[in-house]
Every structure is written in C-alpha cells, then in structure tokens.
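Notes to accompany the following structure.
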Ligand code: NAP
C-alpha cells in the first residue's frame, strides 16, 4: 500500500472541484484495508472514501485526513441457482462495465441502469435507479469492511434499508464502513421494462426489443440528456424527485397546472424535480456565472469550467430556497456533500 501526500481531488470527481487530500491511497486489494485501519488509528485521522466520484460535491477546503480511492477490479461469477445466477463484484469495478458484461451474457436486471457513472461500490449507497429499475432489486448482499473493528461483514439485501435513492449506507451507523463488494442475483429469463416515456417512445415501432436493444436505447437517451463529461463537470441529477402527500400534490396542481406525477409508497405522489426546475423555477439552461442547469435536463447541474464547490453549493442552495418559497417544497440533494462547507 502506497500512501501519497497532498493530492488534488479535482481529478477524482466528475464535478471537477475540490481541495487536496493530506494523504491519499488507492485500494487495489481488499486486504489493504486492514493496513488502512492501522494507519488511521496510528495517525488519528479522518477518512473519505471515493469510488468514481460521480455523485459527490467535494469541498474546496483541503481534506486533513486520508482519502481512499477504491480500485479493486474483480468480477466473480458463481454457479447458477435455478433461473438465477450470482455474481460477486468488487467495489472498484466501473458500474457500466458491469452492466455491459451482464447484458452480453444475456442476463436480466441491470439493463435499465446502463450508462450510470460511478462504481459498483457506490451503487447501493443511493440505491441507484433509472427508467423504473432500482439496483436493490438485484442485490443479494453487500460486503463491508468496518474500519473500527477491522472486520468484514455481509449485509443481506433486507438489512440494507433501501429506499428511494437511500440506504443504510447513507446513515451514521455506517460511518466507519467501506463497501468492498456487492453480490447480485441476475435472471436468465426476464421481462424488459420500457414503460418510462422516453423508452416507450424509442420502442414505439419495436414492441419486443432485446436486452441489448434496451441497453442501447438507455445509453442513447442518457447521452442526449447529459453534457459531455470530457468538457464539463457534473454529478448527474443534483436533486431527488420530491415525494409528497396527495393533498400537497392537489395544492400544487391547482397553482401550477398539470404536472407529471407517479404513484409512490403509502399513497404519496412522486413529482418530477426536472419539471419544477423547468416550468416553475425557470432555470432550465440558465447560467449563474460558472454554474448552469443543463439545457437538455435541468436536474443536471453543470460546472462550466472554473466553478468552485462553494459556488455550486451556493447556486443550488438558492434554488432549493426558491422551491421552498414558491412551492413550499423541500428539494433534497441527491448528490452528497463531502468535507467542510
Ligand atoms: P422523465 O421521463 O423526464 O421524467 C421525470 C421524472 O419522472 C423521472 O426522473 C422519474 O423519476 C419520473 N418518472 C418518469 N416516468 C415514470 C414512470 N413511468 N413511473 C414512475 N416515475 C416516472 O425522466 P428523466 O429525467 O429523463 O429520467 C429518466 C430516468 O433516468 C429516471 O429514472 C431518472 O431517475 C434517471 N436519471 C438519473 C440521473 C442520475 O444521474 N441519477 C440523471 C437523469 C436521469 P425517478 O427518477 O424516480 O425514476
């Protein structure tokens, strides 16, 4: 294990912002984590874990502790279990590399999650979801390493407290955990879900697409809605879609007219954050100095080149406040703040 010093974090997150890490280590082997635990204890340091850095806003302040970049790369195919097959995947594997491999093997369950940036280890944290699929539906268990007691532990899917873009891995209970691998159960036979509007339109003349065609469609649709990561910084959707009571929904519809809405748990209603940003708050395509709300998908906040983390936070906080004022609505961040703000 090689510990580097004073490493800029800008190259390790897709927003392309952030200060430097006092110490930095790349984890290529699960066993390195025991050494990491020793290092942290001896030097009494805080730590930060980074996967693909695609769902974080990293503070401009230098981080005084150790940053761990998880780069483990193993994909281990297990024996078939009837109509299912298990695959154990190390946390550092790129999410879309896994989806590509799984679709090539003609296995169902991950195709709608094609093209999501980030790593496998990051996927359970916010229970990544797109086009009606959520990663929790394919997870068998998540393996973690606890830096305090230096033990590996497996959490069954039901113990992960998965919710809409949420899990136990976002709670304080998990503050000393590092996700080391995720075990998936994938189906050899399955049905495809093309019910989301854009997919439905894409397949209007092809009612029985193949698994590979669904992946291709998702990649194309996402491609249109995302800025080129080589040119701009972004962490994808910045806010979650609000889930509100039906009374609140009625009130909003009366005031702002018909808006996209979908049934959610407990009789609640999910509304589209993108629609609100576009139609009520009018920020679609708008530029605030170095920060913009992408013209093809306003939920995607973009660093136009030289934005700082605090600038991105300031602009998005203002928009949240505006949502509160105009709609009485809490626009929650999907992106995680990392470090001091
Ligand atoms: P859209 O079709 O413009 O609809 C806006 C929102 O309405 C979606 O985000 C989705 O919420 C919800 N929605 C649409 N059709 C639905 C249905 N049939 N049932 C339930 N909810 C529905 O969506 P979009 O913005 O292009 O996004 C399409 C998918 O890609 C969504 O699932 C979205 O989460 C995902 N996406 C993810 C990111 C990211 O970076 N994480 C960025 C852009 C889009 P849900 O988000 O709850 O599905």
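So residue 117 passes all but one of these: (1) within 16 Å of the ligand (Cβ to nearest atom); (2) surrounded by fewer than 18 Cβ atoms within 10 Å (Cβ to Cβ); (3) at pLDDT below 95. Which condition number does it fail?
(2)
Residue by residue through the stretch 303-341, note down the ones that are within 17 Å of residue 237 (Cβ to Cβ) and assigned to a helix (DSSP H, G or I).
Those that are within 17 Å of residue 237 (Cβ to Cβ) and assigned to a helix (DSSP H, G or I): 312, 313, 315, 316, 317, 319, 320, 323.
Just to be sure, is residue 288 within 16 Å of the ligand (Cβ to nearest atom) and closer than 19 Å to residue 57 by Cβ? So that I can check it myself, show each step before the final result.
Details: within 16 Å of the ligand (Cβ to nearest atom): no; closer than 19 Å to residue 57 by Cβ: yes.
Considered against the rule, which asks whether it is within 16 Å of the ligand (Cβ to nearest atom) and closer than 19 Å to residue 57 by Cβ, residue 288 comes out as no.
Which one of these is modelled with pLDDT under 95 and within 13 Å of the ligand (Cβ to nearest atom): 260, 298, 242, 227? Walk me through it before giving the result.
Values: 260 fails: modelled with pLDDT under 95; 298 fails: modelled with pLDDT under 95; 242 fails: modelled with pLDDT under 95.
Result: 227 is the single residue among 260, 298, 242, 227 that is modelled with pLDDT under 95 and within 13 Å of the ligand (Cβ to nearest atom).
Can you find even one residue in the stretch 92-105 that is farther than 21 Å from residue 189 by Cα, away from the ligand (no atom under 16 Å from the Cβ) and either surrounded by 16 or more Cβ atoms within 10 Å (Cβ to Cβ) or touching a residue at least 40 places away in the same chain (Cβ under 8 Å) (or both)?
yes
Just for the stretch 122-145: of the residues that are within 8 Å of the chain's Cα centre (by Cα) and touching a residue at least 40 places away in the same chain (Cβ under 8 Å), which one is nearest to the ligand (Cβ to nearest atom)?
Step by step, filter the stretch 122-145, then rank; the result is 126.
Only one of (1) under 23 Å from residue 167 (Cα atoms); (2) exposed (fewer than 14 other Cβ atoms within 10 Å of the Cβ); (3) within 16 Å of the ligand (Cβ to nearest atom) is not met by residue 340, so which one is it?
(3)
Among the listed residues 47, 15, 39, 23, identify the single one that is surrounded by 14 or more Cβ atoms within 10 Å (Cβ to Cβ), touching a residue at least 40 places away in the same chain (Cβ under 8 Å) and over 24 Å from the mean Cα position of the chain (by Cα). Steps first, please.
Details: 47 fails: over 24 Å from the mean Cα position of the chain (by Cα); 15 fails: over 24 Å from the mean Cα position of the chain (by Cα); 39 fails: touching a residue at least 40 places away in the same chain (Cβ under 8 Å).
Answer to the selection: 23.
Report yes if residue 76 is outside any loop (DSSP other than H, G, I, E, B), modelled with pLDDT of 95 or more, more than 16 Å from the ligand (Cβ to nearest atom) and buried (at least 20 other Cβ atoms within 10 Å of the Cβ), otherwise no.
Details: outside any loop (DSSP other than H, G, I, E, B): yes; modelled with pLDDT of 95 or more: yes; more than 16 Å from the ligand (Cβ to nearest atom): yes; buried (at least 20 other Cβ atoms within 10 Å of the Cβ): no.
Against the criterion (outside any loop (DSSP other than H, G, I, E, B), modelled with pLDDT of 95 or more, more than 16 Å from the ligand (Cβ to nearest atom) and buried (at least 20 other Cβ atoms within 10 Å of the Cβ)), residue 76 does not qualify.
Can we say residue 153 is without any contact (Cβ under 8 Å) to a residue 60 or more places away in the chain and assigned to a helix (DSSP H, G or I)?
Numbers: without any contact (Cβ under 8 Å) to a residue 60 or more places away in the chain: yes; assigned to a helix (DSSP H, G or I): no.
Considered against the rule, which asks whether it is without any contact (Cβ under 8 Å) to a residue 60 or more places away in the chain and assigned to a helix (DSSP H, G or I), residue 153 comes out as no.
The values are calculated or read from the model by the stated rules, or taken from the named source; none is laboratory data. Everything quoted here is computed from the prediction, not taken from an experiment. Cβ atoms come from the backbone with ideal geometry, glycine included; neighbour counts cover every protein chain shown.
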